[in-house]
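The values are calculated or read from the model by the stated rules, or taken from the named source; none is laboratory data. In this text, all values refer to a predicted model and were calculated from it rather than measured experimentally. Glycine gets a Cβ as well: all are built from the backbone with ideal geometry, and neighbour counts include every protein chain shown.
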Amino acid sequence: MHAFLLNVLIAAILISAVAAALSFAALRGQAVSFDHVHFNLLTESYEQFYGRLEEVLQRPSHPPYNPTNIYRRYVLGPRRSTFNSRPLAWILVHLTAGTEPADRATLALANDDLYMLGFANGTGQWYIVEEFSGLPNNITLPFAENYYSIIDGGHENLWKVPLGKQSAIVATRILGSCDLARTPIENLKDAFVRSLVMYSEGVRFTPIREVFSGGSRWEQRTSISKEQARFVVNWGKMSTLLVAWHRSGQRTWGASPFNFIARSVRESIGVHNAAEALDKVGFLVRPTHPSLR
């Protein structure tokens, strides 16, 4: 019996490996780079996964950016030309939640801003959100990348999203077994938004990650607060303000031409200075303002 189960496990791994190899071969044909980060949800903690992802995100970028980091909040890689352009680099997060192909999924995160733009199911079929491209033989999903397309009420309702190990397993299995002809779209959106919070927002924001990671929290069902849900639309603004502050010799926060951005984050999430912004962000996205490129 044990030998039979072992053979089943080996076969599942081989099938998944073949599908992944075919997908990666297609990716290599594109003028992009990609990194792989693996996460076995059954045997590893989120902290172990995050440590591997952190190493990837802290690597020096080319060309280098000034600053590379602000008190170890590293600035991500070069931005794509427009938001809907194909990312210059992908981070492929390989999730395992069992021995069957349908228990495995691969998330595609844009290296420059950590947006989760698509995923591959357990057979290696790629799916991507509307108005984006860059994944091999991808099928377009029936929703866009913004939260209003994925969850009722948009980002304001992210506090309703269940987080933690079991939530991640559920999401992985839905994505891993995805077939647009059979998978209910609401189930797919639910899995997508769970993954967005844990693998995108949890990396962008330290307080969000700490809600479900560390100690016994990963084993529990948790959720972010309503205040933390408002962080997500202020990440780019805080990144811009922090880079401008750093380039001023850490003397001025929110000086012109960034005074309107400073007022916005102050009114939205109560961030008044660099110290309060640094308490929230884990990584920084490169500003698009001409003076900070």
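For segment 71-118, taking the residues that are over 27 Å from R173 (Cα atoms) and of a type in the set (S, T, N, Q), the one that is modelled with the lowest pLDDT is identified as S81.
Does S256 fit the bill of being surrounded by 21 or more Cβ atoms within 10 Å (Cβ to Cβ) and over 21 Å from G282 (Cα atoms)? No; evaluated as a whole, the condition is false for this residue.
Taken together, G236, G254, G282 contain a single residue that is more than 19 Å from the chain's Cα centre (by Cα) and not assigned by TED's automatic domain parsing to the domain that holds T68, which is G254. Cβ separations smaller than 9 Å between residues 6+ apart or across chains give no pair from segment 174-197 residues that are not assigned by TED's automatic domain parsing to the domain that holds W126 to residues that are part of a loop (DSSP other than H, G, I, E, B) and among the hydroxyl-bearing types (S, T, Y). All of (1) among the polar types (S, T, N, Q); (2) at pLDDT below 95; (3) not in a helix (DSSP H, G or I) hold for S16 with one exception: (3). When F212 is tested against the conditions (1) in contact (Cβ under 8 Å) with a residue 40 or more places away in the chain; (2) at positive phi, the lone failure is (2). When V197, V243, V271 are checked against the criterion of being buried (at least 22 other Cβ atoms within 10 Å of the Cβ) and over 25 Å from A110 (Cα atoms), V271 stands alone in meeting it.
From the list G134, G164, the lone residue that is modelled with pLDDT under 95, buried (at least 20 other Cβ atoms within 10 Å of the Cβ) and not polar (S, T, N, Q) is G134. Of everything in segment 153-187 that is hydroxyl-bearing (S, T, Y) and part of a helix (DSSP H, G or I), the residue that is nearest to I128 (Cα to Cα) is T172.
Right, E201: modelled with pLDDT of 95 or more and closer than 22 Å to L95 by Cα or not? When the stated conditions are applied, E201 passes them.
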